[in-house]
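**Q** This is the structure I want to talk about, given as structure tokens.
All of the numbers you see were taken from the coordinates with simple rules; none came from a lab. Since we're looking at a predicted model, the values are computed, not measured. Ideal geometry is used to build each Cβ from the backbone, glycine not excepted, and the neighbour counts take in all protein chains shown.
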Ligand code: SF4
């Protein structure tokens, strides 16, 4: 790389720090846009293939009627958003969806349940889902709400790769958004996940009426965790009719890009995910987000439905931008298929005793925590 003053600044930045001050992060957020993006892209290139994007697929395994009151979320039982509620899916139905996701190129399969925390009754099914999806050769991720230390260990033992639990916003603004669980509760769950040996997926949501200082506060919390989250989803609020944030002001897309860029600088080895709200962004905004250091997406919101228009649009966007899916090492297909058949046979036995509802074939309304 040519040694311009800016590139020297970028290269001189420590690879990983865990002692970021709020003011330092605000100063990064306030950099001239071109300087910020250049610096973020420089950091990105030191740690990643700049044209590779990790692709995940998200399935809601239990939808709606959540006892939490997250003000952005259509799944909260506190608000009337008209969302169709669904009980926990059957294990076999989840595995079928995972297989289809793999066929269209996903490398990670994320499963979300709208719970305060998983119950003892539901854990065995959740664990079977993890084992089955893993047997397909996919990375596994779950978001199930708060976890006890014991539940985290059970999930780790089942082979769960990632656990998603977002911090959502700064500690100061958090009480404006959620009152039914505390920031400390969230940090405790992240600690249980880490202690159990799993990777952490944790990020936040922008556009909830928070200040720039709050955005800096969210990033400060994430970057100062003892180990950076391996995956950092940055969501743009989708305003849902019936939720308290229905009428909140639009976020300037450039402020969204700035936050992605600073996340990349603060957590240089983490995958920064362009998460919820992507379908509302122009192709140009998404392209800028990739340039700012985003290198993970959920592929096709309606991936598992028949028409799948979003997935085909994503494919075109990847082609236009010269991006390619990040690859992961996999076991050979025969090994995976044998393991999956064994898993599905066990799941069929389980289905005789589960009270789970019939399968659904959409990812719509998946847990907003993801
Ligand atoms: S974001 Fe998650 S925890 Fe909060 S209401 Fe929605 S499903 Fe429940």
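**Q** Tell me, 62, 131, 121 in order of fewest to most beta-carbon neighbours within 10 Å?
**A** Listing 62, 131, 121 from fewest to most nearby Cβ atoms yields 121, 131, 62.
**Q** Among 71, 315, which comes first, second and so on when ranked by fewest other beta-carbon atoms within 10 Å?
**A** In order of increasing Cβ crowding within 10 Å: 315, 71.
**Q** When the expected Rg is taken as 2.2 N^0.38 Å, what fraction or multiple of it is the alpha-carbon Rg of the range 27-351?
**A** With N residues counted in the range 27-351, Rg over 2.2 N^0.38 Å equals 0.96.
**Q** Within 10 Å, count the other beta carbons around each residue, average over each peptide in 274-281, 16-23, and list them highest first.
**A** Answer by packing, highest mean first, reads 274-281, 16-23.
**Q** In what order do 201, 70 fall by count of nearby beta-carbon atoms within 10 Å, going from fewest to most?
**A** Fewest to most other Cβ atoms nearby, the residues stand as 70, 201.
**Q** Can you give the FRET efficiency for residue 312 and residue 51, using 1/(1 + (r/R0)^6), R0 = 30 Å, r = Cβ-Cβ distance, to the nearest 0.05?
**A** 0.90
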